[in-house]
Amino acid sequence: MKIKDYLYNSEPFLLYLVLFFPAVFTNSTAMAYFFASDTMMINYIIISIPQILIILYFFHLKKWNLKDNFAPGLTSRILKTIILIIIYTFLLIIFVNSAALILRIMGVIQNVPSIASTKQFIPLYLLVSVVTGYREELFFRAYLINYFEKSASKTVLAISISAMFALCHVSQGVAGILISFISSIFLCFIFFRDRSIHINAISHALYNFIVILASVFAT
């Protein structure tokens, strides 16, 4: 096998190892206080933006054409996108919370990870949520699905991608891993249905933001 072919076949895993796998080694205590530190959040945004650009560069190389629901002049399409984002965010909250409740009743998980947060950082929480939404959805849903969809079924793809996604959340404990896996399954099938990175990313971002706000106003 030529080096070029080897790199192409290994590309998704190399990107995963470079961009996302290091999160496996994140200190769980530091993660708990991530949302209480504006410095940590700003550093995360600064690091994430080049990573987003790298993923977009690989889209450009492969000439993948993702449906853009925010195309200028298409008012009806924009309205449809907004409605879908609201519906999917609501369903994601219901789906994940119901699954977490069932797992608690079964004794699989004891507590959902708590985060330290403060009201003064709410605008920064929104920005972090949006950056995270696009960073994770561009790779885990759009990139990986486009790359492997011709060689695997939707079910196999969703499970495999969700396992990779969940692995990046080991610092959140068993509850974080399972909740991440469950939410990823849902997000995979949203992308299968609509093929819109914007719907996925913004729904993901709103879900994260709502979870953080729940923590802010619970204290």
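Brief remarks on what is shown
- Qualifying residue in the range 30-38 (condition: open to solvent by 80 Å² or more (accessible area, probe 1.4 Å) and modelled with pLDDT of 90 or more): no
- Check on GLN110, more than 15 Å from the chain's Cα centre (by Cα), under 24 Å from SER28 (Cβ atoms) and surrounded by fewer than 15 Cβ atoms within 10 Å (Cβ to Cβ): yes
- Just one residue in the set LEU66, LEU74 is under 26 Å from ILE55 (Cβ atoms), modelled with pLDDT under 80, within 19 Å of the chain's Cα centre (by Cα) and not polar (S, T, N, Q); that residue is LEU66.
- Selection status of VAL130, open to solvent by 30 Å² or more (accessible area, probe 1.4 Å), part of a helix (DSSP H, G or I) and at pLDDT 95 or above: yes
Residue-by-condition table, conditions (1) modelled with pLDDT of 90 or more; (2) within 24 Å of PHE139 (Cβ to Cβ); (3) within 17 Å of the chain's Cα centre (by Cα):
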residue: LEU15; (1), (2), (3): yes, yes, yes
residue: PHE21; (1), (2), (3): yes, yes, yes
residue: PHE25; (1), (2), (3): no, yes, no
residue: ASN43; (1), (2), (3): yes, yes, no
residue: ILE85; (1), (2), (3): yes, yes, yes
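- Residue that is surrounded by the fewest Cβ atoms within 10 Å (Cβ to Cβ) [pool: residues in the range 180-190 that are in contact (Cβ under 8 Å) with a residue 60 or more places away in the chain and more than 19 Å from THR81 (Cβ to Cβ)]: ILE182
- The range 191-206 - residue that is in a helix (DSSP H, G or I) and touching a Lys or Arg at 6+ places or on another chain (Cβ under 8 Å) and, of those, surrounded by the fewest Cβ atoms within 10 Å (Cβ to Cβ): PHE192
- Within the range 135-160, the set of residues being open to solvent by 30 Å² or more (accessible area, probe 1.4 Å), part of a helix (DSSP H, G or I) and hydrophobic (A, V, I, L, M, F, W, C) comprises PHE148, VAL156, ILE159.
- In the range 140-154, the residue that is farthest from PHE58 (Cα to Cα) out of those that are more than 18 Å from the chain's Cα centre (by Cα) and of a type in the set (Ser, Thr, Tyr) is SER153.
- Residue in the range 76-97 that is over 18 Å from ARG195 (Cα atoms) and open to solvent by less than 20 Å² (accessible area, probe 1.4 Å) present: yes
- Per this entry, ILE177 is counted among residues that are open to solvent by 10 Å² or more (accessible area, probe 1.4 Å), in contact with a His (Cβ under 6 Å, 6 or more places away or on another chain) and either touching a residue at least 24 places away in the same chain (Cβ under 8 Å) or part of a helix (DSSP H, G or I) (or both).
- Residue in the range 117-124 that is under 18 Å from the mean Cα position of the chain (by Cα), surrounded by 19 or more Cβ atoms within 10 Å (Cβ to Cβ) and part of a helix (DSSP H, G or I) present: no
The values are calculated or read from the model by the stated rules, or taken from the named source; none is laboratory data. Keep in mind it's a predicted model, so treat the numbers as computed, not measured. Cβ: placed from backbone, ideal geometry, glycine included. Neighbour counts: every protein chain shown. We work out accessible area using only protein heavy atoms, side chains counted, and drop any ligands, DNA or RNA first. Shrake-Rupley method; radii C 1.70, N 1.55, O 1.52, S 1.80 Å.
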